[in-house]
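What follows is a short report on a single structure.
The values are calculated or read from the model by the stated rules, or taken from the named source; none is laboratory data. Because the structure is a prediction, the values reported are computed rather than measured. Because the Cβ atoms are built from the backbone with ideal geometry, glycine has one as well, and the counts that use them run over all protein chains shown.
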Amino acid sequence: MSPITDDNAHASITAAAKNRNNERDDENIIEEESCDFSAVNSVQHADDDDNDHDEYGASCAAVLGNVLEWYDFSVFGYFSDIIGEVFFPPNQKGHASLIESFAVFGLAFLVRPIGGLILGLMGDTVGRKSALETSIFFMAAPTVAMGFLPSYSKVGWISPALLIIVRLLQGFSVGGQLTSSIVFKLEQTDQSKWGRWSSIVFAFSNLGVAIGSLFSYVLRETLSKDQLNRWGWRLPFWCGIFGALPALYLKYCAKERAIPEDSSTENDNGQSGDRNVLRQSFSKSNFRPLISCMLLVAFPAATYYIVSVWLVIFMEDIVHPPVPHAFAITTAVNIAAIFLQILCGCIADYHGNYAHLMIFGAINLAWLTPLLLHFIAQGSSVVAFFSQLILASCICLYNSGYLPWIVKSFPPSVRLTSMSFAYNLSVGIFGGFSPAVATALVSKFGSSAPGYMVTILAFFALLGLCVARKPGNNGNAEISLNELENEENQDSGTSHLSEPLLT
């Protein structure tokens, strides 16, 4: 019996030893798996940190590019009186040279729809980042070139011809810049914050305009009239070289983001199909958003250039007696508008219905602009400052609503192409020539006449809301191409006008 007992005991000891070894192996496997999961998590966290850093840097570059690009674009307006004297025949009657200078300013807007369409198509097919960096590069080069152009006294009509060419290149560039930067940023952001982020992008456009105004004020205060005409006006354009820096960052440091897809771009197998972006952008189903966008943009386009660019020339060169410190007033208002725009964007997100803010801003600008232009013409610096500040506040309120509104009006797959074309076509028609038209109206009808032009365009904005597609319950819902097509296929007698906008 004893041998059997010994064998059983030996077997029990062996089995226990194997169990202990298996437990140790299991513990080692668990530890190894834990190490593997920790390593994976560390890599994922590192990737997330890199992505956050990349998005932050790309956003900063986009915003900074917006600042420098709108600086480049605005300095032409602020030096338009001097440009009119340098590039056009001397001794013309009245405000002829000033009107000619503003006409060249407006010519750049004629090619904005072309630039918006080409760069928008690039953004919807190649990527948002590529469109943005191309736009910034094409803005910096002609701006610097403008600072080297010869005057009319040296080369005659070749001088204004060269001026027109570089302005057309600027217009092509800026046609894709603002829309690209707004779409680039908003598609990285939760939609509940679209009001504030679109306002931040627009606010930094105001910063670029404010820098241009400040530069003009400093040069006019420190240089004589002769120095300004000979070489002083060239300095702001040479500084446009710094506008290329954000584009260099985007090109070599930032990563391209995937373009958002909507359900209409997928085939029956759920795979992404080939998209004809141009065909979809100008399809019947996308027609109402295009018309609505053009009408909504016409009003702020003209009003913005009248208040931010033309008004300072009105106070400095047209009003008699001139308003003292006109450029200082405009610079202060443009700086204040930066913070006002961001505040209005936060209000837009808190309120939740962009249409209400647009209606409020449009109605107030419609009746205030003629009245305040009359007050500004009296020549008081204090009155001019507060009048311009009130107008800027109303513009900021309208901007906080209409920018996210038109972004959400278009399907993501054709958003940048559609928005860039409609936006820039409207700006080209109504915004670019508004300073020249305003100058001509003042010469013929008096100081309040440009204000009535703003009043008429305010009704365009309200009409744009009426023809807009029916929004979602919150008035701000995004839409896809399929939803647009379904809406167009409904009974034509069914109205989709603005009753949800006013609730």
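Yes/no matrix, rows are residues, columns are (1) in contact with a His (Cβ under 8 Å, 6 or more places away or on another chain); (2) at pLDDT 85 or above; (3) farther than 29 Å from residue 127 by Cβ:
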| site | (1), (2), (3) |
| --- | --- |
| 402 | no, yes, no |
| 419 | no, yes, no |
| 423 | no, yes, no |
| 426 | no, yes, no |
| 432 | no, no, no |
| 438 | no, yes, yes |
| 450 | no, yes, yes |
| 455 | no, yes, yes |
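Residues are listed down the side, and each one gets a yes or a no for (1) crowded, with 21+ Cβ neighbours inside 10 Å; (2) of a type outside the set (S, T, N, Q); (3) in contact with a helix residue (DSSP H, G or I) (Cβ under 8 Å, 6 or more places away or on another chain):
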site	(1), (2), (3)
282	no, yes, yes
289	yes, yes, yes
296	yes, yes, yes
304	yes, yes, yes
331	yes, no, yes
* Evaluate the stretch 472-488: report whether one residue or more is outside any loop (DSSP other than H, G, I, E, B), surrounded by fewer than 17 Cβ atoms within 10 Å (Cβ to Cβ), at pLDDT 90 or above and under 29 Å from the mean Cα position of the chain (by Cα). => no
* Asked: Looking at 371, 425, 416, which is the one that is within 15 Å of the chain's Cα centre (by Cα) and either surrounded by fewer than 24 Cβ atoms within 10 Å (Cβ to Cβ) or acidic (Asp, Glu) (or both)?
  -> 425
* Asked: Looking only at the stretch 166-218, which residues are in a helix (DSSP H, G or I), among the charged types (D, E, K, R) and more than 21 Å from residue 144 (Cβ to Cβ)?
  -> 185, 193, 196
* Asked: Can you name every residue in the stretch 382-413 that is among the aliphatic types (A, V, I, L, M) and either surrounded by 24 or more Cβ atoms within 10 Å (Cβ to Cβ) or in contact (Cβ under 8 Å) with a residue 24 or more places away in the chain (or both)?
  -> 384, 389, 391, 392, 395, 397, 403, 406, 407
* Count, please, the residues in the stretch 426-451 that happen to be farther than 14 Å from residue 307 by Cβ, of a type outside the set (Phe, Trp, Tyr) and part of a helix (DSSP H, G or I). => 13
* Structure fact -> Per the list (1) under 16 Å from residue 76 (Cβ atoms); (2) touching a residue at least 60 places away in the same chain (Cβ under 8 Å); (3) not small (Gly, Ala, Ser), residue check on residue 182 breaks on (1)
* Scan the stretch 179-200 for residues that are closer than 13 Å to residue 66 by Cβ and surrounded by fewer than 24 Cβ atoms within 10 Å (Cβ to Cβ) and jot them down. => 185, 197, 200
* So residue 97 fits all but one of (1) of a type in the set (Ser, Thr, Tyr); (2) closer than 30 Å to residue 227 by Cβ; (3) within 15 Å of the chain's Cα centre (by Cα); what number is the exception? -> (3)
* Asked: Restricting attention to the stretch 156-169, does a residue exist that is among the aliphatic types (A, V, I, L, M) and modelled with pLDDT under 80?
  -> no
